[in-house]
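Reading through the structure tokens given below for one structure.
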Amino acid sequence: MAGQGRIAHAWRAARRTAPPGHLDAAGCNVPSDRVLDAVVTHLRLERERGGYRAVPGLGAPRSALAALADAGPADVAFLESGTAAMAALLGGWRLTGRRAGRAPRVGFPRTEYGSTLMLLRRLAARYGWEPAVLPVDGDGRMALEDLEAGLAAGLDLVIVSHIASHRGTVQPAREIGELCRAAGVPYVLDVCQSLGHVDVRGAGATAYVGTSRKWLAGPRGAGFLIVPGLTPAMDAAAPALGGHLWDEAAPEGVAPLPGAARYESAEAAIGARIGLGTAVLEHHALGPAAVYEHLAALGRTARHVLDGAGGWRVAEPLDEPSALVTLRPPPGDTAERAAARAGTASLLVSVVPTARAPLDLREPVLRVSPPPGTPAETLQALARVLVSS
Ligand SMILES: *Cc1c(COP(=O)(O)O)cnc(C)c1O
């Protein structure tokens, strides 16, 4: 049953004073006591030694993060959020059309994240990129035959969120990677909702864009890139946040730093990066495969408990192997009102506004994303809240 077992026990033991009723891992998860201690310890060290003398070794965090995506420590760059990471990655990319005389085409499913779409719009206007919306099925899952046809017709970059913010469907990341690789097209996988939640290894992406505070349960204010497939066309954006070399021999007098370091912001909340590292090491210690299995079971339980309650309907397949659960309101109720009632019952859920996925969402949905160790009783309490409109 959900909420029982080794992972549930270890997760709860690591955060004894956390409030119960937290069902928003996809928004901002519950960091462990050790994560909080690591952040505070570093802040104290900065005060005592002087900030520039309290330089931590971030090698272990880099290796631990990289290992979740088949990469090495030199492939990791820390930034401030997933959005900042995506902007750093795409902003300096000198995309060229593979087909002579054609603008570079950037493909993405219509379920893509709002801030990524906004960024793409700006970059398309500035650099003449041509956006191409790729087909998805009724569950928002990418249609692989259509992707294959799109690649053959001339895509120059593919961007996909492994799991979206507004729907718990898990994209076939590995199959997408195989098709992109066969076509020689770079592939950016947004793992903000998937790293620490489902297995990302084997996706074979050129770059992964992630964030600390969601399923990895790190602190706020940290995001990252993992870039195992760096190419010469992938430069740091200008103005860079810390990632160019002064080089008189380079075409513009500046050259990118080697490796993913070109993307990393130099001045930063270093304590947050250390906290993220601690969270990732805890994830490895729990055993990633067992965490993913536990979360998939929790998601299934949540969907079966909540689907139909008060007329609310789960938006993704009931047995989808994720713990990101979204619900559409019945006539006469709204996600905002249900979230407010949940709050009164000390349950934290979130409302996903249409702006989060403007090409896909027609009305706000209620998002329920239980962290590991959530007892089934908490989900049953939420079902009663949904009924009581
Ligand atoms: C949260 C999220 C982001 C952005 O991450 P931030 O750290 O909030 O900037 C990007 N993509 C998806 C799918 C997300 O859920």
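Going by what's in this entry, would Gly51 be described as at pLDDT below 95 and assigned by the TED database to the domain that holds Ile270?
yes
Output the number of residues of the stretch 157-170 satisfying the condition of being open to solvent by 10 Å² or more (accessible area, probe 1.4 Å) and either of a type in the set (A, V, I, L, M, F, W, C) or farther than 12 Å from Leu324 by Cβ (or both).
2
I need the strands (runs of 3 or more DSSP E) fully contained in the stretch 68-136, keeping only those with at least 2 residues that are within 16 Å of the ligand (Cβ to nearest atom), aliphatic (A, V, I, L, M) and open to solvent by less than 30 Å² (accessible area, probe 1.4 Å).
Hits in the stretch 68-136: 76-79.
Return the pairs, sorted by first residue and then second, in which the second residue is assigned to a loop (DSSP other than H, G, I, E, B) and among the basic types (Lys, Arg), the first residue lies in the stretch 311-327 and is under 21 Å from Leu195 (Cα atoms), the beta carbons are less than 6 Å apart, and the residues are 6+ apart or on different chains.
Going by the 6 Å Cβ cut-off, the qualifying pairs are Glu316/Arg167; Thr326/Arg167.
Which of the residues belonging to the stretch 22-42 are of a type in the set (Val, Ile, Thr) and open to solvent by 10 Å² or more (accessible area, probe 1.4 Å)?
The answer is Val30, Val39, Val40, Thr41.
Any residue at all in the stretch 211-226 that's closer than 20 Å to Arg105 by Cβ, crowded, with 24+ Cβ neighbours inside 10 Å, over 12 Å from the mean Cα position of the chain (by Cα) and of a type in the set (Gly, Ala, Ser)?
no
Report yes if Glu377 is under 30 Å from His9 (Cβ atoms) and more than 16 Å from the ligand (Cβ to nearest atom), otherwise no.
The answer is yes for Glu377.
Inspect the stretch 191-204 for any residue being under 30 Å from Val39 (Cβ atoms), open to solvent by 10 Å² or more (accessible area, probe 1.4 Å) and within 12 Å of the ligand (Cβ to nearest atom) and give the result as yes or no.
Yes, there is a match, as at least one residue in the stretch 191-204 is under 30 Å from Val39 (Cβ atoms), open to solvent by 10 Å² or more (accessible area, probe 1.4 Å) and within 12 Å of the ligand (Cβ to nearest atom).
When you look at Pro31, is it over 16 Å from the mean Cα position of the chain (by Cα) and within 16 Å of the ligand (Cβ to nearest atom), yes or no?
Criteria met by Pro31.
Going by what's in this entry, would Gly177 be described as away from the ligand (no atom under 16 Å from the Cβ), in contact with a Gly (Cβ under 6 Å, 6 or more places away or on another chain) and closer than 22 Å to Ala71 by Cβ?
Here the answer is yes, as Gly177 does meet what is asked.
With respect to Thr231, determine if the residue is at pLDDT 95 or above, surrounded by fewer than 18 Cβ atoms within 10 Å (Cβ to Cβ) and assigned by the TED database to the domain that holds Asp190.
So Thr231 fits the description; yes.
Just for strands (runs of 3 or more DSSP E) wholly inside the stretch 140-249: which have at least 2 residues that are free of Cβ contacts under 8 Å to residues at least 24 places away in the same chain?
Output list reads 244-246.
May I ask you to list the residues in the stretch 1-36 that are closer than 19 Å to Ser322 by Cβ and in a loop (DSSP other than H, G, I, E, B)?
The answer is Met1, Ala2, Gly3, Leu23, Ala25, Ala26, Gly27, Cys28, Asn29, Val30.
Select from the stretch 312-345 the residues that are in a helix (DSSP H, G or I) and open to solvent by less than 40 Å² (accessible area, probe 1.4 Å) and list them in ascending order.
If the condition is that a residue be in a helix (DSSP H, G or I) and open to solvent by less than 40 Å² (accessible area, probe 1.4 Å), then Ala335, Ala338, Ala339, Ala342 are the ones that fit.
Just the residues that are in contact with a Lys or Arg (Cβ under 8 Å, 6 or more places away or on another chain), surrounded by fewer than 18 Cβ atoms within 10 Å (Cβ to Cβ) and either over 23 Å from Phe108 (Cα atoms) or among the aliphatic types (A, V, I, L, M) (or both), please, taken from the stretch 352-373.
Residue satisfying the conditions is Leu359 alone.
Could you run through the stretch 362-386 and say how many residues are more than 15 Å from His304 (Cα to Cα) and not in a loop (DSSP other than H, G, I, E, B)?
3
Given the residues Ala249, Ala217, which is the only one that is of a type in the set (Gly, Ala, Ser), over 30 Å from Ala153 (Cα atoms) and within 14 Å of the ligand (Cβ to nearest atom)?
Just one listed residue meets the conditions, Ala217.
Would a scan of the stretch 147-158 turn up a residue that is at pLDDT 95 or above and within 16 Å of the ligand (Cβ to nearest atom)?
Yes, the stretch 147-158 contains at least one residue that is at pLDDT 95 or above and within 16 Å of the ligand (Cβ to nearest atom).
Can you say whether Glu248 is open to solvent by less than 40 Å² (accessible area, probe 1.4 Å) and among the charged types (D, E, K, R), as far as the supplied structure shows?
Spelling it out, it is not the case that Glu248 is open to solvent by less than 40 Å² (accessible area, probe 1.4 Å) and among the charged types (D, E, K, R).
The values are calculated or read from the model by the stated rules, or taken from the named source; none is laboratory data. Since we're looking at a predicted model, the values are computed, not measured. Counting neighbours? That spans all protein chains shown, and the Cβs are built from the backbone with ideal geometry, glycine included. Calculation scope for accessible area: heavy atoms of the full protein, side chains included, ligands and nucleic acids excluded. Shrake-Rupley method; radii C 1.70, N 1.55, O 1.52, S 1.80 Å.
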